[in-house]
Amino acid sequence: LIRRAEENGDQHIFYFRPRRIDEIRERLTIESVGRALIGGTWRERVPSAEAPEGDFAIADLRELPGKPNDWILKFYGIFQVEHARSERVIIEGRPYLPIDEVPERHVLVVRWNSPNLLELRIGRDTARKRIEDRFEFLWTALANAVDRTTFEWWDLTQARKKLIELKDEKESKKTYALRDTRLVDRSSGGRYSLEGHASAYDTLERPEVKRFVTAILAAGDDCTHLSAKWLAADDQAVPSRELHTVIGGKEKWGEIVIAGKCEAADVDYVTERLRHFSRIR
Amino acid sequence: MLPKDFDTLAESAKAHGLGDAVRSLGQFVRAHPKWDQIDTRDLQQLAIDHYTLTRAVVFLVDAGVFRQLYAVTTPSGSLADGLFETPRDIPRKLPDRFHAFYFETSDQDIVPVLVAGRK
């Protein structure tokens, strides 16, 4: 239950692909990763509930049921976070906002999603800087097992493009709905953001809007962000509920955000859907 | 989804002088079948004076047709994801629509929104 709650959803996921999987496949087995990061007796040392203060430590490394080539590596850390109270206090005639320091537990997850995806999962945070710091921490922490230079961003540009193009197909309408879109005009550097009604998820339903977006994409420009709602259905267990995602991130082509906690199978479902739409030409 | 049967309610609202206003609200809801929340700022486009509009909304909230919650505008003007029971429940920061950054909610507008009520 704890694993499910802290490993899946309410997080940014950064996707990477091996440049040449054949050259590093052996280094990406759980045994190889465990020995490199934790030591020869790694199976005796995880899971561990210990969370250091002001730093991260490995808390778990394990295989996934039914997926013998996949693994999850987890880090725990406790950090003091400042919360300003909303009520002012008056000290010697001057108003102050008291600040409470609250310890918060943070979880970082690395998931090897065979055969070709490395996922860095970082919990949502109000500061982008902290997310990027944790992103860098993960690559540093993985260095003994995984060489960053052997990976490249998974470019989700094609997936976003196809999600837009195919959104009116019968099968698509049962699977997902789109809302907000951001486009970048490569020739002028202009950015165009389309934000739909909060609950309607039909920004591109208006033919004029869809024509504009598809014309921009056909001209070779990019959709950098796309918010998609993955629909639940009574006759299928996954996704377990509607999943709100943003596909795209700040200059990070292989980034998604999943808003809200969900099941492990839900996150894998979104990843599989993105794999599917990336393959379509 | 928001409720659709406003005609019966319009009849009972007549006694309060709100029959036409409730009917107009019903037409507005039916014109947006995919919405599951109404940004009350959008109701200003209805040809109803503000006093009557407010009374009609309160009538429908009291009747359990709508429930009033609160949302926050993002810096670009759309509504951020997340609805709150009271303004005090709104967190200090919320993400923009693209989760590119968080903004201070105290710098933005708080907007009453209507969602489906008990009935």
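For B:Leu94, the residues 5 or more places off, or on other chains, whose built amide H falls under 5 Å of its own are B:Phe103, B:Thr105. Considering only A:Lys162, A:Lys210, A:Lys229, the mean-square fluctuation computed in a Gaussian network model of chain A, springs between alpha carbons under 10 angstrom, is largest for A:Lys210.
Each residue of the range A:141-147 was assigned a 3J(HN,Hα) from its phi angle through the Karplus expression (A = 6.51, B = -1.76, C = 1.60, θ = phi - 60°), giving 5, 8, 3, 5, 10, 10, 8 Hz with x at Gly and Pro.
Shown in residue order for the range A:25-41 are the 3J(HN,Hα) couplings computed by the Karplus curve 6.51 cos²θ - 1.76 cosθ + 1.60 at θ = phi - 60°: 3, 5, 7, 9, 6, 5, 5, 5, 5, x, 5, 5, 9, 10, x, x, 9 Hz (x for Gly and Pro). Between the residues A:Ala232, A:Gly189, A:Val267, the greatest Cα displacement towards the positive end of the dipole of the range A:157-281, with unit charges on the Cβ of Lys, Arg, Asp and Glu, is found for A:Gly189.
Relative intensity of chain A on a log10 scale, I(q)/I(0) at q = 0.13, 0.14, 0.16 Å⁻¹, equals -0.96, -1.07, -1.28, per a Debye sum over C-alpha point scatterers of equal strength in the absence of solvent.
I'd like to compare B:78-88, B:19-29: which one has the highest average count of other Cβ atoms within 10 Å, and what's the full order after that? The partial results should precede the final answer.
Working: B:78-88: 15.8, B:19-29: 20.0.
Descending mean neighbour count gives B:19-29, B:78-88.
If only the Cβ of Lys and Arg carry +1 and only the Cβ of Asp and Glu carry -1, the dipole of the protein assembly as shown around its Cα centre is close to 780 debye. Computed FRET efficiency, Cβ-Cβ of A:Asp22 and A:Arg43, R0 35 Å: what is it to the nearest 0.05? E(calc), rounded to 0.05, equals 0.80.
Look at the alpha carbon pairs under 8 Å that are at least 6 residues apart: their mean separation over the length of chain A gives a relative contact order of 21 percent.
Taking a ≥ b ≥ c as the square roots of the Cα gyration tensor eigenvalues, the range A:130-281 comes out oblate, since a/c reaches at least 1.5 and a/b does not exceed b/c.
In the structure shown, the pairs A:Lys261/B:Lys93; A:Lys229/A:Lys261; A:Lys167/A:Lys261; A:Lys173/B:Lys34; A:Lys261/B:Lys34 are assessed against 22 Å; a Cα-Cα span above that value is assigned to A:Lys167/A:Lys261; A:Lys261/B:Lys34.
Placing dummy labels 7 Å off each Cα toward the beta-carbon, the span from B:Ala15 to A:Ile90 is 5.1 nm. In sequence order, the range A:182-194 has phi-based couplings of 10, 10, 10, 8, 5, 6, 10, x, x, 10, 10, 10, 10 Hz under the Karplus curve 6.51 cos²θ - 1.76 cosθ + 1.60, θ = phi - 60°, and Gly or Pro positions carry x.
Taking 0.36 nm per residue of separation and subtracting the Cα-Cα distance, what length does fully extending A:Asp100 through A:Arg211 add?
Numbers: separation 111, 0.36 × 111 = 39.96 nm, distance 5.10 nm.
Contour length minus the Cα-Cα distance gives 34.9 nm.
Note on A:Val184 and A:Glu82: the model spin-label points, each 7 Å out from Cα along the C-beta direction, lie 3.3 nm apart. Note on B:Thr54 and A:Ala218: their simple-model spin labels are 5.0 nm apart, each label 7 Å out from Cα toward Cβ.
Residues considered: A:Asp125, A:Asp22, A:Asp185. Largest GNM mean-square fluctuation over chain A, using C-alpha springs under 10 Å, is found at A:Asp22.
When +1 charges are put on Lys and Arg Cβ atoms and -1 charges on Asp and Glu Cβ atoms, the dipole computed for the range A:31-104 relative to its Cα centre reaches about 240 debye. Under a 5 Å amide H cut-off, with hydrogens placed 1.01 Å from N, A:Leu64 pairs with A:Asp70 among residues at least 5 apart or on other chains. For A:Asp235 and A:Arg130, the FRET efficiency from 1/(1 + (r/R0)^6), where r spans their Cβ atoms and R0 equals 60 Å, is about 0.90.
For A:Gly260, the residues whose modelled amide H falls within less than 5 Å of its own, excluding neighbours fewer than 5 places apart on the same chain, are A:Asp10, A:Gln11.
In the range A:172-281, which GluC sites (Glu not before Pro) are in a loop and have at most 12 other Cβ atoms within 10 Å, using DSSP for the loop call?
Passing sites in the range A:172-281 are A:Glu251.
Every number in this text was worked out from the coordinates using simple rules, so none of it is lab data. Quantities reported herein were computed from a predicted structural model and do not represent experimental measurements. In this analysis, Cβ positions are derived from the backbone assuming ideal geometry, glycine residues included, and neighbour counts consider all displayed protein chains.
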